[in-house]
Amino acid sequence: MKEWYSAAELAGMPGMPRHARNVNIMGERGELERRPKPKGKGWEYSVRTLPSETRNHLLRQTTAEVANRMSAERTLPTVAEERLQVAELTDDQRQVMQARLTVCAIVEEISARHSVSRREAIFTFLAEAKADELPQEMLSTLRTANAASGGKRLATASTVYRWFQKRDAGGTAAMAKKRRPRSAPPSWLPRLLAVYQQPQKPTVAACIKDWPKHYPDIPAPHVRTAQRHIEAIPVEMREWGRMGRNARRAVQPFVRRTTDGLWPMDVVTVDGHLFKAYVRHPLTGRRFRPEVTTYLDVATRKAVGFSAWIAESQFAIWGAMREMVLHPECGVMALHYSDNGAYRGEQHRATLARIGSTLMFSEAYRAQARGMIERLNSSVWVPLAKRFPVYVGHDMDKEAVKKALQRADDDGANLMAWSDFVAECREALAEYNDRPHGSLGKRTPNQAWQQAVDEGWQPTLLEDDDLHDLLPTFERKVNRGEVSLPWGRYFNHELSLWHSRTVRVGVNPTDGSRAWVSDERGALICIAERDANAKPYVPESMLEHARAQREQGRVLRLERKLDQVREEGAAQIEAPVPQPVDPHLHARTVAAIEDEHSGVAAITDERKLHAYWWRIRDRMESGDTSMTEEDERGCRIYWQSAQARSMEELFEDFGLSAEDFQ
């Protein structure tokens, strides 16, 4: 705040001399109140004793300066008190309140800087505004503050006075304009709600159409007016009667539970899901929709147990739980969290007590309490079902479903086999466990699990109990140490003592490699392996040799056939017709070979025989004197035969020589 001005600053202002020396003369005559400068020589003059013309000029100058500064800095007074009242204001009310506070702040700064009254500061500020000498943003703020005119004109001095009075009496919130009171609901609205809030969920238009039936003496409101009033009612109140208690929970506030402080296997949740596609029945081969049961670890969101069975049953639950409990990385869970279905059975309770787990149930008819496992069903099993040929979800085309089911009933060619279905399910769960989760900080369930292991967590393993009695069982007769199921035979030598007797065969629906065989009392006899008594019909080495011999014989037959085709073609192209072979000559050749050359007669491969006579001919042509007459005669007879000509063409075509067949 500046109250004292030097002679140089006052010189030239309205009402003051043009030169600073004359301003000092006025001070010497006592016309102006003065004091020595705090620093240096000279005098300073008080604004209170300046002429009115000079004071008004300084006031206007300060007003413009403050307005420009506030517009440039966009500073608005902070609301530090009565926060609850201010928080209840609407955006329009809050905007008007801030504009009025800004005007009051400017007026107070002008009054303090020039030691003038609030009234004089208000008049000076409004005069500058009417003269359009203030920034446009400040003029817009002044119009916004005058909410009574709708922002069309500037406020008057009396209006600004009232703003100060309201602020001093009621605080910051009192500066806001009054909120328009809500109009009372129309008299027809309760009657409309009586018709509208029905479980059949009629529309507003239908209610207005049936209005004369319910209220014949009362005129019906317009449809759009009725819709506007209905939409203004809170959703929970509006849907009362149209939605049941459980359905209304979807629009009510809820409690979001956290998993902070949980280790793996502290809490596991489980749920069954009827698969949305048909597959081939493992027993009958007909189409059916399997029941998929999944166990999910709450702390890491990892799928730790899985089973698939022909229907929802205790065996489907126990199969998934057994897989989880016996897995060396998972072990026994502390809390078993599930719904109120088959998990409340006495056998299930006894099984959990047997492994040392505590049973915990969600609230009945409240799927929201099991949102974690429900989310897995919708993000894993539904997308997987859509990849199957016979998908029957609600979003599948009905005509396509009808055709797919008809084909499945006719030949079943579009039904996936049970083993392939189980493999697809396990692959889908593996992909889920390797997928980043937002609730895990973009980590995958496997990564969260591994982090817990690195921090020292260890599973609680189940000892001396394989829980084989939890598997689905079938009664079968033992036949010479083996029992038969539709998908395979299981063998163990210990079953030889049970020949022709009935036993119980327990199998894991998702792993058919072993079977647990028990007597009629349930005592385990043995664990039979699938095809344990099966071995190759012949030894592998002997089989490979026989296959090689068969392949060689096939090649020879094809070569002979090729030779015959070439001979037929050559006979048609060559002008001279080849002389037929004398049967008597050929017979003598064969006899000579068999009688006099026992080594040659033992050669069954025509290529080796041709190579043999080729070498004999080369010896004859080289003048070898060790040749016998029988060799020479046999060689001449061979090279006159059709076999010699065809083999010679074969050797020439494939670039063969006698050395290739020693």
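The values are calculated or read from the model by the stated rules, or taken from the named source; none is laboratory data. From a predicted model like this one, the values you see are computed outputs, not experimental measurements. Counting neighbours? That spans all protein chains shown, and the Cβs are built from the backbone with ideal geometry, glycine included. With ligands, DNA and RNA removed, areas are computed over all heavy atoms of the protein, side chains included. Shrake-Rupley method; radii C 1.70, N 1.55, O 1.52, S 1.80 Å.
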- prompt: For region 317-330, what are the residues that are open to solvent by less than 20 Å² (accessible area, probe 1.4 Å) and under 26 Å from the mean Cα position of the chain (by Cα)?
  reply: Ile317, Ala320, Met321, Met324, Cys330
- line: Across region 390-406, the tally of residues that are open to solvent by 20 Å² or more (accessible area, probe 1.4 Å), in a helix (DSSP H, G or I) and in contact (Cβ under 8 Å) with a residue 12 or more places away in the chain stands at 1
message: Can you say whether Ala8 is open to solvent by 30 Å² or more (accessible area, probe 1.4 Å), aliphatic (A, V, I, L, M) and at pLDDT 75 or above, as far as the supplied structure shows?
response: yes
task: Kindly indicate whether any position in region 491-505 is part of a loop (DSSP other than H, G, I, E, B) and in contact (Cβ under 8 Å) with a residue 24 or more places away in the chain.
output: yes
task: Could you figure out which of (1) open to solvent by 80 Å² or more (accessible area, probe 1.4 Å); (2) modelled with pLDDT under 55; (3) outside any loop (DSSP other than H, G, I, E, B) isn't true of Pro580?
output: (3)
- prompt: For residues in region 466-490 being part of a strand (DSSP E or B) and among the aromatic types (Phe, Trp, Tyr), which is farthest from Ser518 (Cα to Cα)?
  reply: Tyr490
task: Kindly provide the set of residues from region 144-171 that are open to solvent by 20 Å² or more (accessible area, probe 1.4 Å) and part of a loop (DSSP other than H, G, I, E, B), ordered by number.
output: Gly150, Gly151, Lys152, Arg153, Leu154, Thr156
query: If you go through region 293-316 one residue at a time, how many are open to solvent by less than 10 Å² (accessible area, probe 1.4 Å) and either small (Gly, Ala, Ser) or farther than 16 Å from Leu335 by Cβ (or both)?
result: 7
statement: Within region 103-133, residues in contact with a Leu (Cβ under 8 Å, 6 or more places away or on another chain) and closer than 25 Å to Arg48 by Cα come out as Val103, Ile110, His114, Val116, Glu120, Ala121, Thr124, Leu126, Glu128, Ala129
- request: Please enumerate the residues belonging to region 493-528 that are open to solvent by 80 Å² or more (accessible area, probe 1.4 Å) and either within 21 Å of Arg322 (Cα to Cα) or touching a Leu at 6+ places or on another chain (Cβ under 8 Å) (or both).
  value: Arg504, Arg514
message: I'm trying to understand the selection: among the residues of region 240-253, which are of a type outside the set (Lys, Arg), open to solvent by less than 70 Å² (accessible area, probe 1.4 Å) and over 9 Å from Pro199 (Cα atoms)?
response: Asn246, Ala247, Val251, Gln252
- prompt: Among all residue pairs at least 6 apart or on different chains, which show Cβ distances below 8 Å where the first residue, located in region 1-23, is under 22 Å from Ser115 (Cβ atoms) and the second is of a type in the set (Ser, Thr, Tyr) and part of a strand (DSSP E or B)?
  reply: Glu3/Ser46; Trp4/Tyr45; Trp4/Ser46; Tyr5/Tyr45; Ser6/Tyr45; Ala7/Tyr45; Leu10/Tyr45; Val23/Tyr45
- prompt: Given the residues Arg21, Arg29, Arg60, which is the only one that is open to solvent by 60 Å² or more (accessible area, probe 1.4 Å) and either modelled with pLDDT under 75 or closer than 24 Å to Pro135 by Cα (or both)?
  reply: Arg60
- prompt: Do you know which residues across region 93-118 are in contact (Cβ under 8 Å) with a residue 60 or more places away in the chain, open to solvent by 40 Å² or more (accessible area, probe 1.4 Å) and either part of a helix (DSSP H, G or I) or more than 23 Å from Glu3 (Cα to Cα) (or both)?
  reply: Arg94, Ala112, Arg113
Single unsatisfied condition, Gly345 versus (1) open to solvent by 30 Å² or more (accessible area, probe 1.4 Å); (2) at pLDDT below 85: (1)
- request: Could you please let me know if Phe123 is open to solvent by less than 60 Å² (accessible area, probe 1.4 Å), at pLDDT 80 or above, of a type in the set (Phe, Trp, Tyr) and part of a helix (DSSP H, G or I)?
  value: no
message: Suppose the filter is of a type outside the set (Lys, Arg) and surrounded by 15 or more Cβ atoms within 10 Å (Cβ to Cβ); does Pro234 pass it?
response: no
- prompt: Does any residue of region 269-284 turn out to be free of Cβ contacts under 8 Å to residues at least 40 places away in the same chain, in contact with a strand residue (DSSP E or B) (Cβ under 8 Å, 6 or more places away or on another chain) and surrounded by fewer than 19 Cβ atoms within 10 Å (Cβ to Cβ)?
  reply: yes
task: For region 353-389, enumerate the residues that are in a loop (DSSP other than H, G, I, E, B), at pLDDT 85 or above and open to solvent by 40 Å² or more (accessible area, probe 1.4 Å).
output: Lys386, Arg387, Pro389
field: Every residue from region 596-625 that is more than 24 Å from Glu567 (Cβ to Cβ), open to solvent by 60 Å² or more (accessible area, probe 1.4 Å), assigned to a loop (DSSP other than H, G, I, E, B) and modelled with pLDDT under 80
entry: Ala602, Thr625
message: Exactly one condition in (1) open to solvent by less than 30 Å² (accessible area, probe 1.4 Å); (2) out of contact with any Cys (no Cβ under 8 Å at 6 or more places or on another chain); (3) hydrophobic (A, V, I, L, M, F, W, C) is false for Met265; which is it?
response: (2)
Top-ranked residue of region 420-442 - restricted to ones that are under 11 Å from Arg301 (Cβ atoms) and part of a helix (DSSP H, G or I), ranked as most open to solvent (accessible area, probe 1.4 Å): Ser439
task: From the list Ala174, Ala205, pick out the single residue that is small (Gly, Ala, Ser), without any contact (Cβ under 8 Å) to a residue 12 or more places away in the chain and part of a helix (DSSP H, G or I).
output: Ala174
- prompt: With respect to Gln447, is the statement that it is loosely packed, with under 15 Cβ neighbours inside 10 Å and under 27 Å from Thr300 (Cα atoms) true?
  reply: no
field: Search result, residues across region 299-331 that are among the charged types (D, E, K, R) and within 21 Å of Ser439 (Cβ to Cβ)
entry: Arg301, Lys302
field: Residue list for region 24-46, restricted to those being without any contact (Cβ under 8 Å) to a residue 24 or more places away in the chain, within 28 Å of Glu108 (Cα to Cα) and in a loop (DSSP other than H, G, I, E, B)
entry: Leu32, Glu33, Pro38
Residue, farthest from the chain's Cα centre (by Cα), within region 630-662, restricted to residues that are closer than 19 Å to Glu567 by Cβ and part of a loop (DSSP other than H, G, I, E, B): Gln640
